[in-house]
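Worksheet: one structure, shown below.
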Amino acid sequence: MDAIEIIKGRLVEIDAATAYDWAIAGEAILVDVREPAEFAEQRIPGSVSVPLSSFSADKLPDPGNGRIVLICAIGRRSIKAADLLHAAGHAEVTHLYGGLTAWEAAGLPTVSDDAEAAGKAA
């Protein structure tokens, strides 16, 4: 993806490198809308789980002066979550274009519950 941001109406799509930079700088909270088993299997370090199956705007963490970036496996569920946020009155919603698949393709780190458990046991 050549552009950093593509604005489609009120949905802002960002690439994995931008999401990473924002998260590292404390400018964004990454909210994973996949289901709990998927989140446990593999996720972006520091991301927060808010599954689409029980998604509600009031369940989102407070981003302070930053922003929320929605993520899922490939981008479809995060767009559905964005629609719910728009319906709840959020004027602008950001999501990771290509989801976790794009994150991995960019060579960015992921973690799993198994990996964390192994690290704690060592």
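Taking other C-beta atoms within 10 angstrom as a stand-in for reagent exposure, Ile74, Ile44 fall in the order Ile74, Ile44, fewest first. Taking the DSSP bridge list for the chain and keeping only pairs wholly inside it, about 30 percent are antiparallel. Against the empirical curve 2.2 N^0.38 Å, the C-alpha radius of gyration of the chain lands at a ratio of 1.02.
Against the compact-protein benchmark of 2.2 N^0.38 Å, the Cα-based radius of gyration of the range 40-95 scales to 1.09.
Protection proxy ranking, highest mean first, for peptides 19-32, 93-106: 93-106, 19-32, where packing is the per-residue count of other beta-carbon atoms within 10 Å, averaged.
Mean silhouette area of the range 18-59, derived from the convex hull of its C-alpha atoms and averaged over all directions, reads 3.2 nm².
Here, each number is a calculation from the coordinates, and none is a lab measurement. As the structure is a prediction and not an experimental result, all values here were calculated from the model. All Cβ positions, glycine included, derive from the backbone under ideal geometry; neighbour counts span all protein chains shown.
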